[in-house]
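A quick write-up on the structure given underneath.
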Amino acid sequence: MSTTATATDSTTSEEVTGEAARRRTFAVISHPDAGKSTLTEALALHAAAITSAGAVHGKGERRGVTSDWMAMEQDRGISITSAALRIDYGDCVLNLLDTPGHADFSEDTYRVLSAVDCAIMLLDSAKGLEPQTLKLFEVCRARNMPVITFVNKWDRPGREPLELLDEIEQRIGLRPTPMNWPVGIAGDFRGLIDRADGSYTKLTRTPGGATRAREERVDPEQAAQAEGAEWTQAQEEIDLLGEIEAHFDEASFLAGESSPVLFGAALPNFGVSQLLEALVNLAPAPEDPVDADGAVRPVGAPFSGQVFKMQANMDKAHRDRMAFLRIASGRFERGMVLTHANTGKPFATKYTQAVFGSERSTIETAYPGDVIALVNAAALSVGDTLYAGKKVHFPPIPSFAPEHFAVARAKDAGRYKQFQRGIAQLDAEGVVQVLSSDVRGEQAPVLAAVGPLQFDVVAHRMSEEFRAPIELTHLDYSLARRTDAGSAPTAHALSGAEVLTRRADGELLVLVHNKYRLRVIKRDNPDLVLEPLLAGGVE
Ligand code: G4P
């Protein structure tokens, strides 16, 4: 009996290890309008998950997906904010996790990055590194995450390719190693030279870009004739890259120190297949996860996973709360009863779903690197571990530096108990960070958010779910810095900054109006500890 069980276990473990090796779990980090939605569609198109780029959803609806989920909820009675897109490509399974942008940029956006193994840094060829890209990159950097760079919109006028590479190296210290090189300046995109083998792919526009662009392999000698001066220039630049040794280097890529760069244009589908190939060939498969005590749990071990995102009240009628979990090890089978590491209580997974774009479908099995959505997950919070077999507890997902602050008060003093319960619940779920201040007192906690939409979510849930409507007063701070009790001077000495205790983990935070004030405070209080909240400093 025990021999059979062991044999079955090792077969399962082998199967799971094989499945894990086929997975690439990644996210796109970019600034709004760089082309994330367009690239997502193009990747799916090329991978033949859908038949036409237009079939995912029209532009209008796409905007809806990435904007206010509450409005969507009102319209449809259900939120369709997508969490993960599964793209089958050759023998690989690509899991593209959504990083909400635009107005719904929030702590969730950062947390998604704790659930991926690689990021695509998407740049607009005319704009280079933009603020939101930089913020998201800092999160990747703090985790030493491998980053593949895709320079998009090469079909439109933009900057010089070498200048863009220089910006990446100078501003964020990431060493760019181009995998391909464009022939023709931005706005006159002729084709791509593969740096590894010198082959040339000529690009031909297709009207509307709704179908796969024609990418034609052309003999380099013929191409040299046909493209003339543009070809010569591209070759000179490639020679220069050789001289500065900008070659792909696996070790530094995996350590998050260098980044393979690809050029392309997502809208007309140029250079997208090269990006898919880079994901398959370069991006890492899920690694053996490490628990809070530093112990390694092989991907082939029994099931374990961590919740990286919660979404509540998606369906008003059912008050369901959904937890998005990334599988760290083992095979998931619907119906499994897991253990919730934080409470030791069982968690049934009868209604697990996979989330594909705007559709939810029931999922039967899933493997490391996959994302599953657990419904009726009121007992779960961001960062929680679920497991089967041997107990495991993953380290918490760090909280990120908030930039928006507001004081919350119960509109109806008679509902204070519900107010307290609601605020505590939303804090535990990670919807906002809740700070308490001796000066303001318990009745007026300070809510701290990465994106302002988080406040709307709090206000909405406080009145709908906890029946304790709140009044929010926005505060004029934009920075939080960690300090320690020993060095923290009085609020007076900090010239208008506020000293607050972060309730959840006891951190003592100083809130500051802006960078200029921060410099003044540092100058006037040289001994004061003022550290960014995340190692690497997401500002
Ligand atoms: P986002 O999700 O990052 O916010 O960007 P999105 O894909 O919505 O793209 C932003 C705009 O950039 C869109 O134009 C889109 O068509 C365009 N775009 C994306 N990739 C490329 C590309 O490779 N080349 C060119 N030329 N354009 C690209 P829009 O003006 O917002 O919409 P539309 O009026 O063009 O439909």
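The values are calculated or read from the model by the stated rules, or taken from the named source; none is laboratory data. Treat the numbers as computed from the prediction; the structure is a model and nothing was measured. Please note: Cβ atoms are built from the backbone with ideal geometry, for glycine as well, and neighbour counts cover all protein chains shown.
For the condition within 23 Å of the chain's Cα centre (by Cα), within 14 Å of the ligand (Cβ to nearest atom) and modelled with pLDDT of 75 or more, S30 qualifies.
Residues in segment 447-469 that are hydrophobic (A, V, I, L, M, F, W, C) and either outside any strand (DSSP E or B) or not assigned by the TED database to the domain that holds E507 (or both): V450, L453, F455, V457, V458, A459, M462, F466, A468. Counted as qualifying within segment 180-288 are the helices (runs of 4 or more DSSP H) with 3 or more residues that are touching a Phe, Trp or Tyr at 6+ places or on another chain (Cβ under 7 Å), farther than 27 Å from A27 by Cα and more than 16 Å from the ligand (Cβ to nearest atom), namely 220-227, 229-243.
Of A234, A251, A246, all but one fail to be without any contact (Cβ under 8 Å) to a residue 60 or more places away in the chain and crowded, with 19+ Cβ neighbours inside 10 Å; the exception is A234. For residues that are in contact with a His (Cβ under 8 Å, 6 or more places away or on another chain) and within 12 Å of the ligand (Cβ to nearest atom), scanning just segment 103-156, find the one that is nearest to S329 (Cα to Cα). Among them, the one singled out is T133.
Condition test on F394, is it modelled with pLDDT of 90 or more and not charged (D, E, K, R)? Judged against the criteria, F394 is a match.
Condition check ((1) modelled with pLDDT under 90; (2) within 12 Å of the ligand (Cβ to nearest atom); (3) of a type in the set (D, E)) across all residues:
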site: A34; (1), (2), (3): no, yes, no
site: S37; (1), (2), (3): yes, yes, no
site: L45; (1), (2), (3): yes, no, no
site: V65; (1), (2), (3): yes, yes, no
site: G90; (1), (2), (3): yes, no, no
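It is to be established whether one or more residues within segment 157-176 are within 14 Å of the ligand (Cβ to nearest atom) and either closer than 25 Å to A223 by Cα or out of contact with any His (no Cβ under 7 Å at 6 or more places or on another chain) (or both). Yes; the residues of segment 157-176 include at least one that is within 14 Å of the ligand (Cβ to nearest atom) and either closer than 25 Å to A223 by Cα or out of contact with any His (no Cβ under 7 Å at 6 or more places or on another chain) (or both).
Tally up the residues in segment 177-216 that are at pLDDT 90 or above and out of contact with any His (no Cβ under 7 Å at 6 or more places or on another chain), please. Summing the residues that are at pLDDT 90 or above and out of contact with any His (no Cβ under 7 Å at 6 or more places or on another chain) in segment 177-216 gives 25.
Number of residues in segment 375-418 that are out of contact with any Ser or Thr (no Cβ under 6 Å at 6 or more places or on another chain), crowded, with 21+ Cβ neighbours inside 10 Å, among the β-branched types (V, I, T) and assigned to a loop (DSSP other than H, G, I, E, B): the value is 1. Among the residues of segment 502-539, just one is of a type in the set (V, I, T) and either at positive phi or modelled with pLDDT under 75 (or both), namely V538.
Close Cβ contacts (under 7 Å, 6 or more residues apart or on different chains) running from residues in segment 19-39 that are assigned to a strand (DSSP E or B) to residues that are near the ligand (Cβ under 6 Å from one of its atoms) comprise V28/K36. Residues in segment 470-494 that are surrounded by 17 or more Cβ atoms within 10 Å (Cβ to Cβ), modelled with pLDDT of 85 or more, out of contact with any Phe, Trp or Tyr (no Cβ under 6 Å at 6 or more places or on another chain) and not in a strand (DSSP E or B): S478 only. In segment 147-160, how many are outside any strand (DSSP E or B), in contact (Cβ under 8 Å) with a residue 60 or more places away in the chain and in contact with a Ser or Thr (Cβ under 8 Å, 6 or more places away or on another chain)? Going through segment 147-160 one residue at a time, the tally reaches 3. For D219, state whether it is farther than 21 Å from R156 by Cα and either buried (at least 17 other Cβ atoms within 10 Å of the Cβ) or modelled with pLDDT of 95 or more (or both). Spelling it out, it is not the case that D219 is farther than 21 Å from R156 by Cα and either buried (at least 17 other Cβ atoms within 10 Å of the Cβ) or modelled with pLDDT of 95 or more (or both).
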